[in-house]
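Comments concern the structure below.
The values are calculated or read from the model by the stated rules, or taken from the named source; none is laboratory data. Remember, it's a predicted structure, so these values are computed and weren't measured experimentally. Backbone-built Cβ (ideal geometry, glycine too); neighbour counts: all protein chains shown. Just the protein is used for accessible areas: all its heavy atoms, side chains included, with ligands, DNA and RNA removed. Shrake-Rupley method; radii C 1.70, N 1.55, O 1.52, S 1.80 Å.
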Amino acid sequence: MLFSAASDDLATFVALAFSAVDPGAKYLPNWHIRAITYQLKRVLLGHCKRLIITMPPRSLKSVTTSVAFPAWVLGRDPSKRMICVSYAQPLAVKLANDFRTVVDTAWYRRTFPTFKVSPRKNTENELQTTLGGGRLATSTGGQLTGRGGDIIIIDDPLKADDAHSEVARKKCAEWVRTTLMSRFDNPAAGAVVLVMQRLHVDDLAGVLLETGGWEHLNLSAIAEEDERIQTSEGRVHERKIGDLLHPERLGKLELEGLKRDLGSLTFSAQYQQSPAPAEGNMVKRVWFRDYDPQQLDVGGMTIVQSWDTALKGDPSSDYSVGTTWAQDGSNYYLVDIVRVRAAYPDLVRSVRSSLDRYNPDIILIEDAGSGSSLIADLDSQGIATTPVKARTDKESRLSRVAAIIENGNVYLPKDAHWRDDFLLEVLAFPHGRHDDQVDSMTQALIWMKDDRPTGGFYFGTF
């Protein structure tokens, strides 16, 4: 029954292919496999000709797209020509051998009796069928003179170690545009599937998405917003914020360990599919200076806390952020960050705990939404605050203090556990998912730079 279903259902076929390639491992079905196979079937039917799938490593990416899909396509139509590309020839050969393992199984030959291998071409790089179709394996930058195909699959076109090389990224994108995309037997009907983990804001997926004309299935390890993802013609998977992609394979503890080992910036790119530009956007990474907290004596410095609070504390809300700064003349040291999604009573407790810990000289609070309530509550307890009214947009406010950072006047603690998350948000701004830490930082830096008096001030008066 399973074998007969595999001829029409690619997701079922993936399970069988996985067992053939790795017979000692347990196959763990998951909704994201059906989401991928639904899109791949649309490619085969001609409903989608340019598809990008971005997803974490170790999520059956290559087995599904580079091994099972070509075998399934050629089983159904042995005249199809497929070109499969990976970043290195050894990887391309490995995937070609896995493909060959699948098509050599007895169940595959029973399921697809019209598939027959031509004795004229059956090498580790290429397999042809007796009906003129086949699968050709090559690496990024490889020679394709005189070769054509109906469907091109690009699976991880760039090695992770090369992602931060501008030369390597440009060479990859140029080869895809000028060489690979000209290899269609029928340009009007030819289709391309790019499947990869994100490595850099200007990796191949980033370049092609910026160009436009591509459909995009984006699968992050941890959902950062509510999503509805199509898994079949009439079905969708409802994914809530915080949901894991495949908890049986990568659970919460494993993902937390990976984030700790890789750092937030790399984890955000490879697992969340949300890379920040390595050099930064409005603010560059190299502008920040480091300091050793053990060597910093804040005695005599002005301690400033800056709060940007959210309206609600549910998982889909913005974060409430408080940054603590030590000002020494024209140098500004980021001492600590509180970043929480909390209902108002819990937010007040977090604020009071941070105030008790650092006893700041100045408490800046954006006078809007829950911030207005926080100002009133703290004032009623005899805690003086400085309300802040924002009259300009976020980008204008960051531009106001960018020179301070560029001149090397802003220092970050070198080993703080929150450092990478802070940098990720600042470097990605204004294109990142969150900007609450940026808002808190600019609020503090503008006040310290201009040496504002207490009693409230306006961002729009500059």
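A few remarks follow.
Rundown of residues vs (1) open to solvent by 30 Å² or more (accessible area, probe 1.4 Å); (2) more than 22 Å from residue 108 (Cβ to Cβ); (3) in contact with an Asp or Glu (Cβ under 8 Å, 6 or more places away or on another chain); (4) not in a helix (DSSP H, G or I), yes/no style:
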position: 18; (1), (2), (3), (4): no, no, no, no
position: 29; (1), (2), (3), (4): yes, no, no, yes
position: 36; (1), (2), (3), (4): no, no, no, no
position: 43; (1), (2), (3), (4): no, no, no, no
position: 53; (1), (2), (3), (4): no, yes, no, yes
position: 59; (1), (2), (3), (4): no, yes, no, yes
position: 75; (1), (2), (3), (4): no, no, no, no
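- Among the residues of segment 359-376, those that are surrounded by fewer than 19 Cβ atoms within 10 Å (Cβ to Cβ), in a helix (DSSP H, G or I) and more than 35 Å from the chain's Cα centre (by Cα) comprise 373, 376.
- Any hit, segment 202-218, residues being part of a loop (DSSP other than H, G, I, E, B), aromatic (Phe, Trp, Tyr) and at negative phi: yes
- Test: residue in segment 105-113 that is open to solvent by less than 50 Å² (accessible area, probe 1.4 Å), under 23 Å from residue 14 (Cβ atoms) and of a type in the set (A, V, I, L, M): no
- Among the conditions (1) within 20 Å of the chain's Cα centre (by Cα); (2) surrounded by 19 or more Cβ atoms within 10 Å (Cβ to Cβ), the only one that residue 253 does not satisfy is (2).
- Test: residue in segment 315-334 that is open to solvent by less than 50 Å² (accessible area, probe 1.4 Å), free of Cβ contacts under 8 Å to residues at least 40 places away in the same chain, assigned to a loop (DSSP other than H, G, I, E, B) and more than 26 Å from residue 407 (Cα to Cα): yes
- Residues that are within 19 Å of residue 447 (Cβ to Cβ), in a loop (DSSP other than H, G, I, E, B) and at pLDDT 95 or above within segment 289-307 comprise just one, 301.
- Residue in segment 121-138 that is surrounded by the fewest Cβ atoms within 10 Å (Cβ to Cβ), counting only those that are of a type in the set (Ser, Thr, Tyr) and in contact (Cβ under 8 Å) with a residue 40 or more places away in the chain: 130
- Segment 237-285, residues that are touching a residue at least 60 places away in the same chain (Cβ under 8 Å) and assigned to a helix (DSSP H, G or I): 264, 265, 268, 269, 270, 285
- Selection from segment 186-225 of residues that are among the β-branched types (Val, Ile, Thr) and either touching a Ser or Thr at 6+ places or on another chain (Cβ under 8 Å) or under 23 Å from residue 251 (Cβ atoms) (or both): 193, 195, 222
- Enumeration of residues in segment 219-232 that are in contact (Cβ under 8 Å) with a residue 24 or more places away in the chain and either assigned to a loop (DSSP other than H, G, I, E, B) or under 23 Å from residue 68 (Cβ atoms) (or both): 219, 220, 221, 224, 225, 226, 229, 230, 231, 232
- Neighbours by Cβ (under 6 Å, 6+ apart or cross-chain): first from segment 418-444, more than 21 Å from residue 225 (Cα to Cα) and modelled with pLDDT of 90 or more; second among the aliphatic types (A, V, I, L, M) and surrounded by 24 or more Cβ atoms within 10 Å (Cβ to Cβ): 440/321; 443/364; 443/388; 444/304
- Looking across segment 377-411, just one residue is open to solvent by less than 60 Å² (accessible area, probe 1.4 Å), farther than 16 Å from residue 438 by Cα and without any contact (Cβ under 8 Å) to a residue 24 or more places away in the chain, and that is 385.
- Cβ pairs under 7 Å, 6+ apart, first in segment 94-110 and in contact (Cβ under 8 Å) with a residue 40 or more places away in the chain, second open to solvent by 70 Å² or more (accessible area, probe 1.4 Å) and not basic (Lys, Arg): 96/124; 107/3; 110/3
- Residues that are touching a Gly at 6+ places or on another chain (Cβ under 9 Å) and in contact (Cβ under 8 Å) with a residue 60 or more places away in the chain within segment 346-369 comprise just one, 367.
- Segment 139-168, residues that are crowded, with 21+ Cβ neighbours inside 10 Å and in contact with a helix residue (DSSP H, G or I) (Cβ under 9 Å, 6 or more places away or on another chain): 140, 151, 152, 153, 154, 155, 156, 157, 158, 163
- Any hit, segment 179-192, residues being within 22 Å of residue 38 (Cα to Cα), in contact with a Lys or Arg (Cβ under 6 Å, 6 or more places away or on another chain) and either modelled with pLDDT under 95 or surrounded by fewer than 20 Cβ atoms within 10 Å (Cβ to Cβ) (or both): no
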